[in-house]
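What follows is a single structure, written as structure tokens, with notes after it.
Just so it is clear, none of the values below were taken in a lab; they were calculated from the coordinates. Small disclaimer: the values here were computed from a predicted structure and weren't measured. All Cβ positions, glycine included, derive from the backbone under ideal geometry; neighbour counts span all protein chains shown.
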Amino acid sequence: MIRRASLADAEGIFRVHTSAIRDVASTHYTAEQIDVWAGRLSPASYREPIENRIVFVAVETELICGFGQLDLKNSAVKAVYVLPSHLRRGLGTNLLSALESFAEGNGLTQLTLEASLNSVRFYEQAGYRRIRSSDHEFSPGVSIPCLVMRKELVSHGAG
């Protein structure tokens, strides 16, 4: 089940996010990059996105096993993460589709995102195209290489 996140979901979102970074992103980044990336997160760091952006969670038997975040104002997907134990079950695809549908329903015609290297293939399979390379800085001197990607949205309700 995919639903809007509430503040009560912050701990579960934190668990998904840090697990995915440590177990999945570690295939493409150094231990230092992973430690800084995951180390800056806490359950409290999700309060602002839950209150001011669009955050969906994927829930299976009361366990938050994935989340996605959309910044409508900037037409940007900010996050799609799934617990490592729940990969390749369609949860990430369903979360991304929910974000895209919400974006379309709010008049957006395209979305951009900054993809970590381990997630590029996932986003390409969902129709996103590479725009340019970038570096996402977490702290002075510690950044990760990423790819900026974009997808043109097609309104499914038109016609």
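In the chain, which whole DSSP H runs stretch at least 15 Å along their own axis (Cα) and average 0.5 or higher on the Kyte-Doolittle scale?
What comes out of the filter, once short or polar helices are dropped, is 91-105.
Of Ile144, His28, Thr93, whose Cα points farthest to the positive end of the dipole of the chain (charges on the beta-carbon: +1 Lys, Arg; -1 Asp, Glu; origin at the Cα centre)?
Checked the options; the winner is Thr93.
At what distance in nm do the modelled label points of Glu124 and Glu11 sit from each other, each positioned 7 Å from its Cα along Cα→Cβ?
According to this spin-label approximation, the distance is 4.0 nm.
So what is the relative contact order of the chain, in percent, for Cα pairs below 8 Å that sit 6 or more residues apart?
21 percent
Using the Cα centre of segment 2-152 as the reference point, and only Cβ charges (+1 on K/R, -1 on D/E), how large is the resulting charge dipole? Debye, rounded to the nearest 20.
Working: 17 positive and 17 negative charges, 67 e Å.
Around 320 debye, computed over segment 2-152.
Give me the one-decimal nm value for the distance between modelled label points at Thr30 and Leu63, 7 Å along each residue's Cα-to-Cβ direction.
Label-label distance for Thr30 and Leu63, simple model: 3.4 nm.
At a 10 Å Cβ-Cβ cut-off, how would you order Ser119, Ser6, fewest neighbours first? Mind showing how you got there, number by number?
On the way: Ser119 22, Ser6 11.
Neighbour counts put them in this order, fewest first: Ser6, Ser119.
Is segment 1-73 rounded, prolate or oblate when judged by the Cα gyration tensor, a ≥ b ≥ c being the square roots of its eigenvalues, rounded requiring a/c under 1.5 and prolate requiring a/b larger than b/c?
Judged from the Cα gyration tensor, segment 1-73 comes out prolate (a/c at least 1.5, a/b above b/c).
Ala44 to Leu153: FRET efficiency via 1/(1 + (r/R0)^6), r the Cβ-Cβ distance, R0 35 Å, to the nearest 0.05?
Working: r = 32 Å, r/R0 = 0.92.
Result of the calculation: an efficiency of 0.60.
Place the peptides 106-113, 52-59, 72-79 in order of packing, highest mean first, counting for every residue the other Cβ atoms within 10 Å and averaging per peptide. Walk me through the intermediate numbers first.
Details: 106-113: 15.2, 52-59: 19.9, 72-79: 17.1.
Packing proxy ranking, top to bottom: 52-59, 72-79, 106-113.
Going by a ≥ b ≥ c, the root eigenvalues of the Cα gyration tensor, does segment 54-131 fall in the rounded group (a/c under 1.5), the prolate group (a/b larger than b/c) or the oblate group? If you can, show how the numbers build up before the last one.
On the way: a/c = 2.09, a/b = 1.30, b/c = 1.61.
The shape class here is oblate.
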